[in-house]
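A.B. asks: So that we are looking at the same thing, I have put the structure below in structure tokens.
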Amino acid sequence: MSNERSRSEPGLVTSRTSGRPQLPSRLTPRSPAEALEPRRAPVRPRSLRERQPPRKLGPRRRAFNAFLTFLAVSLAAVAVLVLAFEHELNKAGPLAEAKSVTIRDREGAQEIANRLEGEGIVRSAHVFVAHYLLRSAMSQGEKQRFVLKSGEYQFEKGASVREVAEAIGKGRSITFNITIPEGLTSWQIVERLKADQNLTGEVTRVPAEGSLMPDTYRVPKGMSRTAVLEIMQAEQRRFMERLWSQRAEGLPVRTPEEALILASIVEKETGRRDERERVAAVFVNRLRKNMRLQSDPTILYGLAGGQVQWGKPITRSDINSRTPHNTYVIAALPPTPICNPGRATIQATLKPATTNEIFFVADGQGGHIFSETLKEHNAAVQNWRKTEKEMRARQAEQRQQAAAEGAVPAQVLAAEGEEPAPAPAKAPARKGARRN
């Protein structure tokens, strides 16, 4: 049988004896020596394509490749920096033991960072500022922006930069209570805040009378006094807006401001909870009848303003003093409140009792006797005068008995530099609204 070309490999010849494919004649060596040491280059197989030289890239493609390379390197560098920055934020700080620091009002981020570094709370002020700027930028779309808040902060041992920044940014400071009693003037409230050493900053302007809400407030230690006043004003506005919409119908006050003026008078006329609605009703009834309010506290406020001494005795000349607030002289509400009334008094003023009473006088026990007619009121006044006379007689008898027992008068103790014992508390004998 003759040689046949392989069906699987065209161009190859299969040997008759061995069955192995034979190379084409053009690839077969001419002699045994040539097989051991070829003298000519092998011929390229016809089945293989010749390699083309690589194409040269255009300038645009080279620029694009360079940009991709730069971007990859930059992203890798940024990733390394982010990891390093995160490590700086989360690693333990240099603080060896718990320490407190006061952040003052309106203090800048760089000032705070420098002081934290100086106090040994953070290692690097730059890392703290960088973290603050990043957090502030990320909170732009949030309801509450990340800002550094004033106050006194307690930092634990080894607190990290992140923990320190989060505590200041979220206002997790040391807090304390400020109690402002009802019935103080705005000037008196400011003086109380000035005397509190837990607060900082100066008060350059006394708030408007009646604009502050008396209450107990829990505020950060180191908070500015101005900020405390702003909190009290905001609370007063919110409360008045809510109560004004719930007021009783037919009140002789046209605006929330007038209601606040009337409430301030009611606040100073009684301190008893069970009397507020009745006292408010007396003044409401007098306004409806176009009667003068004739409230003693308005006399004192008209004479001294916010620095008034509420327990000062009132003379006949004081009653006749022509001041804008003296309701014995003016036939309407005063132009401004005479103090800062509390929530209960404002509510009683906007929802007074339903009575026909237009007079009241002190009963000598911290309360009042209310009357609808002048005759009833005059009788109550006579009873009060008897009670007052008896009280003065008892006080004189007690002084004589103390002198007989050898007690040293308080004036002598004060002259010798000793502090006298406090006198027993006595409710002021407010005569309240009188006849017109």
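A.B. asks: Tell me which GluC sites (Glu not before Pro) from the stretch 239-340 have a DSSP coil assignment and no more than 10 other beta carbons within 10 Å of their own.
C.D. replies: Within the stretch 239-340, the qualifying GluC sites (Glu not before Pro) (loop, at most 10 other Cβ atoms within 10 Å) are 249.
A.B. asks: How big is the dipole moment of the stretch 175-353 about its Cα centre under a simple scheme where the beta carbon of each Lys and Arg is +1, that of each Asp and Glu is -1, and everything else is neutral? Debye, nearest 20, please.
C.D. replies: Once rounded to the nearest 20, the dipole reads 280 debye.
A.B. asks: Taking the Cα centre of the stretch 99-169 as the origin, how large is its charge dipole in debye, to the nearest 20, when only Lys and Arg (+1) and Asp and Glu (-1) carry charge on their Cβ atoms? The partial results should precede the final answer.
C.D. replies: On the way: 11 positive and 10 negative charges, 25 e Å.
Computed charge dipole of the stretch 99-169: roughly 120 debye.
A.B. asks: Expressed in nm², what is the orientationally averaged projection area of the convex hull enclosing the Cα positions of the stretch 79-184?
C.D. replies: With every direction weighted equally, the projected area is 8.6 nm².
A.B. asks: Once you've got the Cα coordinates, tell me which of 194/386; 149/351; 194/268; 149/194; 351/389 are over 32 Å apart.
C.D. replies: Details: 194/386 43 Å; 149/351 40 Å; 194/268 24 Å; 149/194 21 Å; 351/389 36 Å.
Where the Cα-Cα span goes over 32 Å, the pairs concerned are 194/386; 149/351; 351/389.
A.B. asks: Please identify the trypsin sites (Lys or Arg not before Pro) of the stretch 316-405 that satisfy two criteria: DSSP loop assignment and at most 14 other Cβ atoms within 10 Å. Which are they?
C.D. replies: 322
A.B. asks: Could you work out how far the C-alpha centroid of the stretch 150-213 sits from that of the stretch 277-345, in angstrom?
C.D. replies: 33 Å
A.B. asks: Now a separate question. Skipping prolines and chain starts, which residues have an amide H placed within reach, meaning under 5 Å, of the one on residue 359, given they are 5 or more residues away or on another chain?
C.D. replies: For residue 359, whose amide H was placed from the backbone, the distant partners under 5 Å are 371.
Readers should treat all values here as calculations from the given coordinates under stated rules, not as data from a laboratory. The structure displayed is predicted, hence computed values, not measured ones. Heads up, the Cβs are rebuilt from the backbone with ideal geometry, glycines too, and the neighbour counts pull from every protein chain shown.
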